Amino acid sequence: SQTIHQWPATLVQPVGSPLSLECTVEGTSNPNLYWYRQAAGRGLQLLFYSVGIGQISSEVPQNLSASRPQDRQFILSSKKLLLSDSGFYLCAGGGRNTEAFFGQGTRLTVV
Amino acid sequence: SQQGEEDPQALSIQEGENATMNCSYKTSINNLQWYRQNSGRGLVHLILIRSNEREKHSGRLRVTLDTSKKSSSLLITASRAADTASYFCATVLASGYSTLTFGKGTMLLVSP
C-alpha cells in the first residue's frame with residue numbers, strides 16, 4: 001500500500017514570506033497526487049492535482065503553486081504568503097478508482 | 001464545487017449505540033468513498049462503494065448507496081469512544097476526469 005510522507009507537521013510563517021511544503025510517496029509508481037486545504041476543521045478543498053511528472057492542474061485560483069519534479073514528489077509553494085493562506089494542508093495519493101492515502105498534514109499559520 | 005454533503009453536521013451518541021451518517025450528492029458518480037479523520041490528523045480510508053454496488057461491509061461499518069436518490073449512508077454499529085472523529089464522504093464523478101471531491105463532514109462524538 002501507499003505511504004504519503006508530508007512535512008513539517010506545523011509551520012508558522014510571517015506574511016510575505018515564501019512557502020515550500022514537500023510530499024513524497026512510497027509504495028507505488030506514477031500515482032495521482034493531490035494537495036488539499038482544510039479550513040477550521042471542516043471540508044477539504046482541492047487545490048492541485050497531478051497525474052504525472054510536470055503535469056499540474058489547478059482547481060482554485062490562488063496565491064499558491066504546485067510542482068511535481070519527480071514521480072513520487074509533489075511540492076506546494078508560495079512566493080509571498082497571505083494571512084488567508086493559513087490552514088491545514090494535506091497531500092494525498094491515489095483516490096480516483098481506488099482509495100486515497102493521506103499524509104498527516106501540515107498546520108500552517110501565517111502571522 | 002461541493003458534490004457530497006454529509007448529514008448531520010454533528011452527532012453525539014453513547015457507547016454501544018449505532019451511528020448513522022448520510023451523504024447526498026448531485027451528479028452521477030463512478031464511486032463514493034468514506035473517510036475518517038481524527039482531530040488534526042490526515043484522513044484514513046474506510047470504504048469505497050462503486051456505482052453498481054448497493055451495500056458494502058467492513059467490520060462494524062456498513063455503507064449503502066442509492067444511486068436513484070443520489071445518497072449514501074455510513075452505519076457504525078456498537079460504537080466505541082475510539083470512533084470519535086470526523087467522517088467524510090467523497091465522490092468521483094462518472095464522466096470525464098474527476099478528482100476526489102469531499103463533503104464538509106460529520107463530527108461524531110461517542111461518549112463512554
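The values are calculated or read from the model by the stated rules, or taken from the named source; none is laboratory data. Worth saying up front: this structure is predicted, and the values here are computed from it rather than measured. Quick reminder, even Gly has a Cβ in these numbers, built from the backbone with ideal geometry, and neighbours come from all protein chains shown.
Cβ-Cβ distances below 6 Å connect the following pairs, each with a first residue in the stretch B:58-85 that is loosely packed, with under 12 Cβ neighbours inside 10 Å, a second residue that is part of a strand (DSSP E or B), and a separation of six or more residues or different chains: B:S58/B:I47; B:A81/B:V110.
Exactly one residue out of A:G43, A:G16, A:G27 is of a type outside the set (S, T, N, Q), without any contact (Cβ under 8 Å) to a residue 40 or more places away in the chain and farther than 16 Å from B:L43 by Cβ, and it is A:G27. Scanning the stretch A:81-92 for residues that are under 10 Å from the mean Cα position of the chain (by Cα) and small (G, A, S) gives a single hit, A:A92. Is it the case that the stretch B:45-56 has a residue that's over 22 Å from A:L46 (Cβ atoms) and either more than 14 Å from every other protein chain (Cβ to nearest Cβ) or touching a Cys at 6+ places or on another chain (Cβ under 6 Å) (or both)? Within the stretch B:45-56, one or more residues are over 22 Å from A:L46 (Cβ atoms) and either more than 14 Å from every other protein chain (Cβ to nearest Cβ) or touching a Cys at 6+ places or on another chain (Cβ under 6 Å) (or both). Scanning the stretch A:1-44 for residues that are of a type in the set (A, V, I, L, M, F, W, C) and closer than 11 Å to A:R72 by Cα yields A:I4, A:C23, A:V25, A:L33.
This table checks each residue for (1) closer than 14 Å to B:L100 by Cα; (2) buried (at least 19 other Cβ atoms within 10 Å of the Cβ).
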position: B:E5; (1), (2): yes, no
position: B:Q9; (1), (2): no, no
position: B:Q14; (1), (2): no, no
position: B:Y35; (1), (2): yes, yes
position: B:S51; (1), (2): no, no
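Could you tell me whether any residue of the stretch B:23-34 is more than 14 Å from chain A (Cβ to nearest Cβ), at negative phi, of a type in the set (A, V, I, L, M) and in a strand (DSSP E or B)? Scanning the stretch B:23-34, I find no residue that is more than 14 Å from chain A (Cβ to nearest Cβ), at negative phi, of a type in the set (A, V, I, L, M) and in a strand (DSSP E or B), so the answer is no. Looking at this structure, is B:S111 away from chain A (no Cβ under 14 Å), more than 26 Å from A:R37 (Cβ to Cβ), buried (at least 16 other Cβ atoms within 10 Å of the Cβ) and not β-branched (V, I, T)? Criteria not met by B:S111.
Look at (1) closer than 23 Å to B:A10 by Cβ; (2) more than 13 Å from chain A (Cβ to nearest Cβ); (3) at pLDDT 95 or above and you find that B:Y87 fails only one, number (2). Pairs please, first residue from the stretch A:54-80 and among the hydroxyl-bearing types (S, T, Y), second anywhere and loosely packed, with under 15 Cβ neighbours inside 10 Å, Cβ atoms under 7 Å, 6+ apart in sequence or on different chains. Pairs that qualify, where the first residue is among the hydroxyl-bearing types (S, T, Y) and the partner is loosely packed, with under 15 Cβ neighbours inside 10 Å, are A:S65/A:S77; A:S67/A:S77; A:S77/A:S20; A:S78/A:P18; A:S78/A:N63.
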